[in-house]
Amino acid sequence: MFEKLFSFQSAVQMHRAAPLAQEREDFLLHLHQRGVCRSSLRSFAASLNQIVRFLRLNKLRDVKESEIESAARRFKYRRSKRGGGPGPCTKPYFKWLAKRWLRFHGRLIPTPPPRQPFTHQLREYQEYMTSEVGLSKSTVQGRMCQAAKFLRWYSRRRKSLSRVSIRDVDEYFATQARNLTNVALASCAATLRAFFRYAESKSWCHSWISCNIKSPPIRRSHFTHVGPQWNEVLRLVRSIHGENPAEMRAKAILLLVSIYGLRRSEVIRLLVSDFDWKNMVFTVRRAKRGRVQQFPIGTDLSDALLQYIRYARPLCSIPTLFVTLGIPYKPMNPSSVSFIVNLRMKRWRICSAKKGPHSLRHACATRLLEKGATPQEIADFLGHRNSKSVGIYAKVDTKALRQVSELDPCGGL
């Protein structure tokens, strides 16, 4: 691998003479197979030499994160012969690459997470949301994360949950407001409100906290489209011709999130076995409430999926439909779906307030509303429990509303 990266023989010899040459070369080959460019690999090769040197590794051994932190601190503040110091990103870059290299070889000893306070209460709350309320796994994880974060902050002030007050909650929101938007704060407030409602039912705290948690004001416009217009959605889908594996996969994903209104988490959970090509239907496991739905496979989706499966999807034993294109193969994550949609919406300059898979879900709901579908029909199609949630997606057609407002109701009298 060193011979492919460096043109001068002296550079190749220098990298081979340094300790752990084989371990460094294996890691660089792994990155090369995953599509990392040559210039980045050369930078990684040089940095790995410094990592081995400052960690004092003559042979590969288990390394703690605290040891990496100490080595990065020494590396950051070292001075070169010319007197210039390293840049401000040297320390985090050193730590990131060292952890990634050691994790690849299974030699990184991670720092144990700090003890979570009020573990018993959190475990009981999790069981309540899962078994009694029946919330989805992702919803439970999100609520648990927010509640645990607040309890860690609160435990540094007081040790007993019975002493918590609304002032503590307000001070917590004040610390979070520096880094969160009003929408994120409103979501956090709703999550804590639900937690304290359960805590009050168990007599863990005072009974008036949940009703006094107020969300910040959010400006909502019910007359603007969050997603793109439908003609823009069609232009986006038709712009992808499937010339390479990445484009073939992207077209199939775009059809699923726009024509069928699937969430990104529902897309990545699709299995190859979910598609019944004999009856031309496919099964979707909804992210919320665990519902299962079946949809017909349209002609466009059929062509895109067959092209992806035959010419783009790697031959691997992973059951999920959409997998990574580089070695090692693994199921796609939700952020990859967002990146695929966002990148192509920006590339083709699609006009939309939001750019991502959820904006295409908005466009799908609005299109169904324009075609005359009832709110309940749209809710069933999108996988919602009731029709009240449809208002989030299906927005009023501003142009049609303006035409109605310009009519003279008394003109014909």
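The values are calculated or read from the model by the stated rules, or taken from the named source; none is laboratory data. These numbers were taken from a predicted model, which means no experiment stands behind them. Note that each Cβ is placed from the backbone with ideal geometry, even for glycine, and that neighbours are counted across all protein chains shown.
The conditions of being at pLDDT 90 or above and over 21 Å from LEU108 (Cβ atoms) are not met by MET1.
Going by the structure shown, is VAL284 buried (at least 17 other Cβ atoms within 10 Å of the Cβ), under 28 Å from HIS241 (Cβ atoms) and outside the structural domain of THR139 (by TED's automatic domain parsing)? Against the criterion (buried (at least 17 other Cβ atoms within 10 Å of the Cβ), under 28 Å from HIS241 (Cβ atoms) and outside the structural domain of THR139 (by TED's automatic domain parsing)), VAL284 qualifies. Number of residues in the stretch 2-23 that are among the β-branched types (Val, Ile, Thr) and within 38 Å of the chain's Cα centre (by Cα): the value is 0.
Yes/no matrix, rows are residues, columns are (1) assigned to a helix (DSSP H, G or I); (2) at pLDDT below 90; (3) of a type in the set (Asp, Glu):
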{"site": "SER47", "(1), (2), (3)": "yes, no, no"}
{"site": "ARG56", "(1), (2), (3)": "no, no, no"}
{"site": "ARG61", "(1), (2), (3)": "no, no, no"}
{"site": "GLU69", "(1), (2), (3)": "yes, no, yes"}
{"site": "ARG73", "(1), (2), (3)": "yes, yes, no"}
{"site": "ARG78", "(1), (2), (3)": "no, yes, no"}
{"site": "ARG82", "(1), (2), (3)": "no, yes, no"}
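Residues in the stretch 294-325 that are among the charged types (D, E, K, R) and either surrounded by 18 or more Cβ atoms within 10 Å (Cβ to Cβ) or touching a Cys at 6+ places or on another chain (Cβ under 8 Å) (or both): ARG313 only. Here the condition is being surrounded by 15 or more Cβ atoms within 10 Å (Cβ to Cβ), in contact with a Lys or Arg (Cβ under 8 Å, 6 or more places away or on another chain) and either more than 26 Å from TYR329 (Cα to Cα) or of a type in the set (D, E, K, R) (or both); of ALA45, ALA72, it holds for ALA72 alone. Scoring SER273 on the criteria (1) hydroxyl-bearing (Ser, Thr, Tyr); (2) surrounded by fewer than 19 Cβ atoms within 10 Å (Cβ to Cβ); (3) outside any helix (DSSP H, G or I); (4) modelled with pLDDT of 90 or more leaves a single failure, condition (3). Every test in (1) under 30 Å from ARG143 (Cβ atoms); (2) in contact with a helix residue (DSSP H, G or I) (Cβ under 7 Å, 6 or more places away or on another chain); (3) not small (Gly, Ala, Ser) is passed by VAL292 save one, and that test is (2).
So, in the stretch 251-270, exactly how many residues are assigned to a helix (DSSP H, G or I) and closer than 14 Å to SER302 by Cα? Even if it seems obvious, please write down each step before you answer.
Quick first cut of the stretch 251-270, residues assigned to a helix (DSSP H, G or I) only: 251-258, 264-268.
Filter once more, so that each one left must be closer than 14 Å to SER302 by Cα: 251-256.
Qualifying residue count for the region: 6.
Within the stretch 366-388, residues that are over 20 Å from ALA287 (Cβ atoms) reach no partner that is of a type in the set (Lys, Arg) and at pLDDT 85 or above with beta carbons closer than 6 Å at six or more positions or on different chains.
Can you find a residue that is in a helix (DSSP H, G or I), of a type in the set (S, T, N, Q) and closer than 27 Å to LEU31 by Cβ anywhere in the stretch 329-336?
yes
Is it true that ALA353 is aliphatic (A, V, I, L, M), buried (at least 17 other Cβ atoms within 10 Å of the Cβ) and more than 30 Å from SER131 (Cα to Cα)? Criteria not met by ALA353.
Contact map, the stretch 29-51: residues that are farther than 15 Å from MET14 by Cβ paired with residues that are of a type in the set (Val, Ile, Thr) and surrounded by fewer than 17 Cβ atoms within 10 Å (Cβ to Cβ), Cβ distance under 7 Å, separation 6+ or inter-chain. Pairs shown: GLN33/ILE327; ARG34/ILE327.
Remark: LEU315 falls outside the filter, which requires a residue to be touching a helix residue (DSSP H, G or I) at 6+ places or on another chain (Cβ under 9 Å) and not small (Gly, Ala, Ser). Taking THR139, is it assigned to a helix (DSSP H, G or I), crowded, with 16+ Cβ neighbours inside 10 Å and outside the structural domain of ASN49 (by TED's automatic domain parsing)? In short, yes. When we screen GLU232, GLU243 for residues that are surrounded by fewer than 20 Cβ atoms within 10 Å (Cβ to Cβ) and within 18 Å of LYS354 (Cα to Cα), the only hit is GLU232. Applying the criterion of being farther than 16 Å from ARG263 by Cβ and free of Cβ contacts under 8 Å to residues at least 60 places away in the same chain to the residues of the stretch 335-346, the residue that is surrounded by the fewest Cβ atoms within 10 Å (Cβ to Cβ) is LYS346.
Here GLY134 meets the list (1) within 30 Å of PHE54 (Cβ to Cβ); (2) in contact with a Gly (Cβ under 9 Å, 6 or more places away or on another chain) almost entirely, failing just condition (1).
Restricting ARG238, ARG264, ARG220 to residues that are modelled with pLDDT under 95 and touching a Ser or Thr at 6+ places or on another chain (Cβ under 8 Å) narrows the list to ARG264. The set of residues in the stretch 9-25 that are more than 13 Å from ALA45 (Cβ to Cβ) and part of a loop (DSSP other than H, G, I, E, B) contains only PRO19.
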